[in-house]
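One structure is given here, and the rest of the page talks about it.
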Amino acid sequence: MAAARRHWRYRGQARPPFADTPAPGQRSVWDFPRPPAIEPVAQTLTVAAGDDVLARTDRGVRVLETAGAPTYYIPPDDVDAAGLVDLQQPTLCEWKGLARNFAWGEVAPAAWCYERTFPEFLAIRGWFAFHPGELRCLVGEERVRPQPGGYYGGWVTSDLAGPIKGGPGSAGW
């Protein structure tokens, strides 16, 4: 894990020269820390597939990490987990821990949940995060866009300035 944590080039101390300048009311993803940080979310978070509401909460948190769109986490009591199917394809994050990945109907992956976390991320153990690519995910009334590249599950909102990692050439960001 130590080697994986060391390989990141940017850690939020200074914006790289190619970073966009935030407009008034925006935050630069380049100001987010690495290691990542958890912060509470004031808006309602909603996740839906068609007419089905998978999750809705006023108790969400988001994880901020340098160069990435925030990932939003919803407490398990606010998730309709009955429709989630474990994909049996765990993933490991060098910061957060071991996650289970889930499908919702034909949407796979649709969600993930850290079942084993490193001590710094105990607060999100058992909470669900959702991929916004084929799901309707909202922060307040704003429908989010998926983070570029399809791998990361970040939620891109209008208050972010990038560029945001995930696209070609951003692997080491």
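Along the charge dipole of the chain, which of Tyr114, Leu54, Val29 sits closest to the positive end, that is, farthest toward it, with unit charges on the beta carbon of Lys, Arg, Asp and Glu (+1, +1, -1, -1)? Result: Val29, furthest along the dipole toward the positive end. In plain terms, the chain from Ala23 to Arg125 could stretch by 33.3 nm, reckoned as 0.36 nm per residue minus the Cα-Cα distance.
Decide, for the range 41-92, between rounded, prolate and oblate: order the square roots of the alpha carbon gyration tensor eigenvalues as a ≥ b ≥ c, take rounded if a/c falls under 1.5, and otherwise choose prolate if a/b is larger than b/c, else oblate. Since a/c reaches 1.5 but b/c is at least a/b, the shape of the range 41-92 is classed as oblate. Classify the range 1-145: rounded, prolate or oblate, from the alpha-carbon gyration tensor (a ≥ b ≥ c, eigenvalue square roots; a/c under 1.5 rounded; otherwise prolate if a/b is larger than b/c)? Cα axes put the range 1-145 in the oblate bin.
As a calculated quantity, the FRET efficiency between Asp31 and Glu141 at R0 = 22 Å, using C-beta atoms, amounts to about 0.30. Applying 1/(1 + (r/R0)^6) with r as the Cβ-Cβ distance of Val107 and Ala14 and R0 = 25 angstrom yields a FRET efficiency of 0.05.
In the chain, the calculated helix contribution to ellipticity at 222 nm averages -500 deg cm²/dmol per residue, counting -39,500 (n - 2.57) for every DSSP H run with n ≥ 4. Its Cα centre serving as origin, the range 29-173 has a Cβ charge dipole (Lys and Arg +1, Asp and Glu -1) of approximately 360 debye.
Dipole of the chain (Lys/Arg Cβ +1, Asp/Glu Cβ -1, origin at the Cα centre): which of Ala82, Pro17, Trp104 lies farthest to the positive side? Result: Pro17.
Not counting the cut sites, what is the longest span of the chain without GluC sites (Glu not before Pro) that DSSP labels loop and that have at most 10 other Cβ atoms within 10 Å? Segment 1-105 is the longest. In this Cβ point-charge picture (+1 for Lys and Arg, -1 for Asp and Glu), the range 56-99 has a dipole of about 120 debye about its Cα centre.
Values in this text are rule-based calculations from the coordinates and carry no lab data. Small disclaimer: the values here were computed from a predicted structure and weren't measured. Here Cβ is always computed from backbone atoms with ideal geometry, including for glycine, and neighbour counts include all displayed protein chains.
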